[in-house]
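Below: one structure, written as structure tokens.
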Amino acid sequence: MQLQPLTVLPENDRGRDFVVGDLHGCYDALMRQLDARGFDPAADRLLSLGDLVDRGPDSRRCLQLVREPWFHSVWGNHEDLMLRGLATSRHSPDFRLWMLNGGDWALESDRNDLKQRITAHAETTSLALEIPVAGQRVGVVHAEVPGNRWTCWTSPLSDEDRQYTIWGRTTLTNVLRGQPAPPVSGIDHVFFGHTPLTSSTHLANRFYIDTGGGYPGGEPTLFELKEVINRNLGSSPEPFRPS
């Protein structure tokens, strides 16, 4: 299935836009944070970096969020694992790989229902989101931007590029080896998830906000976009280690 590459949302002139890191089934933690920020579903929007499912306590309710008009999510590698796993038998390598990566929650659910839900999500989501915020353009993508060029979404993507978008870790791997992070051209700011860190990190025009949701000792991180794009979150990433 070929997901659409980019969805551009209109400016939210009625409320606030929030962004959240990888949820991994942490529905209650998300709701607690939204309540603390006075989130108004009639006016505010929530942008998700994907990986809604697996590892955490409530993957099913996190997956149901895609039905809410205020919730917008990019496609993550765990959604991809789920889609591939449910397209095959329980004895297939794709299904076993999903189970090894936290998909065992699905064994207690109706397989056909889950397959229908994740297929419907794939048909309506995209690899990247773009949102205007306070006169700036903000991008959201799960793992990497091919070629570090936001204009990549306007050209046909290879299968390798699509996989890199949801699985890649080149930038953070290089930063941890002492190399600088290149900015993503053609956009003001980009938010990423996929690689768990001890705290959110700001590198060039990149924000990495996966803070270990679904793992022991971890929790999804939530920011209001207008606030966080003007903050310095620190630029020394440290890999998250489950407690």
Arranged from highest to lowest average of other beta-carbon atoms within 10 Å per residue, in what order do the peptides 104-113, 202-211 appear?
202-211, 104-113
Rounded to the nearest 500, what is the 222 nm mean residue ellipticity of the chain from helices alone, with -39500 (n - 2.57) per DSSP H run of 4+ residues and division by all residues?
-7500 deg cm²/dmol
Point-charge dipole on Cβ atoms (K/R +1, D/E -1) for the chain, about Cα centre, debye to 20
280 debye
Please sort by residue number the trypsin sites (Lys or Arg not before Pro) in region 115-201 whose DSSP state is loop and whose Cβ has at most 14 other Cβ atoms within 10 Å.
Arg169, Arg177
Please work out the average accessible area per residue across the chain, using the 1.4 Å probe convention, and give it in Å².
45 Å²
Dmax and Rg, reported as Rg then Dmax, of region 1-71 (C-alpha, Å)
12.8, 38
How high is the relative contact order of region 144-243, in percent, counting Cα pairs under 8 Å that sit 6 or more residues apart?
23 percent
For the chain, which whole percent of the accessible surface, found with a 1.4 angstrom probe, sits on carbon and sulfur atoms?
48 percent
Check: C-alpha center region 10-47 vs C-alpha center region 207-232, spacing in Å is 12 Å
Which log10 I(q)/I(0) values, to two decimals, does region 118-205 give at q = 0.24, 0.26 Å⁻¹ under the Debye formula with one point per Cα?
-1.39, -1.53
Can you give the Kirkwood hydrodynamic radius for the chain, in Å, rounded to one decimal and based on Cα pairs?
18.0 Å
Of all DSSP beta bridges in the chain, what percent run antiparallel (nearest 5)?
40 percent
Using a 10 Å cut-off on Cβ atoms, rank the peptides 80-93, 3-16 from the highest mean neighbour count down.
80-93, 3-16
Given 0.36 nm per residue, what is the gain on full extension from Arg32 to Thr154 after removing their alpha carbon distance, in nm?
40.2 nm
Once you put a point 7 Å from the Cα of Glu238 and another 7 Å from the Cα of Glu68, both along the Cβ direction, what distance in nm separates them?
3.2 nm
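The values are calculated or read from the model by the stated rules, or taken from the named source; none is laboratory data. The structure presented is a predicted model; accordingly, all values stated were derived computationally and were not measured. Reconstructed Cβ throughout: ideal geometry from the backbone, glycine too, with neighbour counts over all protein chains shown. We work out accessible area using only protein heavy atoms, side chains counted, and drop any ligands, DNA or RNA first. Shrake-Rupley method; radii C 1.70, N 1.55, O 1.52, S 1.80 Å.
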